[in-house]
1. Within region 107-126, work out how many residues are aliphatic (A, V, I, L, M) and within 12 Å of the chain's Cα centre (by Cα).
2. Does region 29-60 hold any residues that are closer than 18 Å to residue 92 by Cα and in a loop (DSSP other than H, G, I, E, B), and which are they?
3. List, please: which pairs have Cβ atoms under 7 Å, are six or more places apart or on different chains, and start with a residue in region 66-83 that is over 22 Å from residue 122 (Cβ atoms) and aliphatic (A, V, I, L, M) and end with one that is open to solvent by less than 30 Å² (accessible area, probe 1.4 Å) and part of a helix (DSSP H, G or I)?
4. For residue 49, are the conditions met, namely being surrounded by fewer than 20 Cβ atoms within 10 Å (Cβ to Cβ), among the aliphatic types (A, V, I, L, M), modelled with pLDDT of 95 or more and closer than 21 Å to residue 8 by Cα?
5. In region 8-65, which residues are under 12 Å from the mean Cα position of the chain (by Cα) and small (Gly, Ala, Ser)?
6. Can you pull out every residue in region 10-19 that is open to solvent by 20 Å² or more (accessible area, probe 1.4 Å) and either part of a loop (DSSP other than H, G, I, E, B) or touching a strand residue (DSSP E or B) at 6+ places or on another chain (Cβ under 6 Å) (or both)?
7. Inspect all residues belonging to region 61-73 and state whether any of them is closer than 17 Å to residue 9 by Cβ, surrounded by fewer than 20 Cβ atoms within 10 Å (Cβ to Cβ) and at pLDDT 95 or above.
Amino acid sequence: MVVTFKVTDQENGEWAVLRVSGELDLVTSPVLRQRVHDVVAEGRHRLVLDLSEVWFCDSSGVGVLIASRRLLRSCQGRLRLILPARGAADGSHVNKVLGALGVRRLFEVHPDVPSAVDEDARPLSA
């Protein structure tokens, strides 16, 4: 079985947007970690991680999200996540895992890219 994991990069104003799809696990999380580091190394400190196409996330994936948050905060940057609008009700595995681990509140979560890159948009509540 071939697992497709993909990270695509796009600009949206001052925000870099990484769209992640597939499984975020021990094998694939280093790929995302490197992409986040690359974005920051390019001097972009506003990052949106679109996780709406991630259908599995384990603790190593969560570790990358927390490390990404820490990295961006260390350079006065911002990190926002995109999870399906209804979160766990939509079966968002990432949302369930973040909630179960008690770290969901650490992140600014938005339902879509336009909301995530809007300075005035309110994040979804945990």
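1. Initial filter on region 107-126 (aliphatic (A, V, I, L, M)): 109, 113, 116-117, 121, 124, 126.
From the residues that got through so far, the ones that are within 12 Å of the chain's Cα centre (by Cα) too are 109, 113, 116.
Number satisfying all stated conditions: 3.
2. Initially, region 29-60 is screened for residues closer than 18 Å to residue 92 by Cα, giving 29, 48-60.
Hit for region 29-60 is 58, nothing else.
3. These pairs meet every condition: 71/36; 71/40.
4. On the way: surrounded by fewer than 20 Cβ atoms within 10 Å (Cβ to Cβ): no; among the aliphatic types (A, V, I, L, M): yes; modelled with pLDDT of 95 or more: yes; closer than 21 Å to residue 8 by Cα: yes.
For residue 49, the condition - surrounded by fewer than 20 Cβ atoms within 10 Å (Cβ to Cβ), among the aliphatic types (A, V, I, L, M), modelled with pLDDT of 95 or more and closer than 21 Å to residue 8 by Cα - is not met.
5. 16, 21, 29, 52, 61, 63
6. Initial filter on region 10-19 (open to solvent by 20 Å² or more (accessible area, probe 1.4 Å)): 10-14, 19.
Within region 10-19, 10, 13, 14, 19 meet the criteria.
7. Among the residues of region 61-73, at least one is closer than 17 Å to residue 9 by Cβ, surrounded by fewer than 20 Cβ atoms within 10 Å (Cβ to Cβ) and at pLDDT 95 or above, which makes the answer yes.
Yes/no per residue for (1) among the small types (Gly, Ala, Ser); (2) loosely packed, with under 15 Cβ neighbours inside 10 Å; (3) at pLDDT 85 or above:
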residue	(1), (2), (3)
77	yes, no, yes
84	no, no, no
98	no, no, yes
103	no, no, yes
106	no, no, yes
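The values are calculated or read from the model by the stated rules, or taken from the named source; none is laboratory data. Nothing here was measured: the structure is a model prediction, and the numbers come from that model. In this analysis, Cβ positions are derived from the backbone assuming ideal geometry, glycine residues included, and neighbour counts consider all displayed protein chains. The protein model used for the area step is the full one, side chains on, heavy atoms only, and it has no ligands, DNA or RNA in it. Shrake-Rupley method; radii C 1.70, N 1.55, O 1.52, S 1.80 Å.
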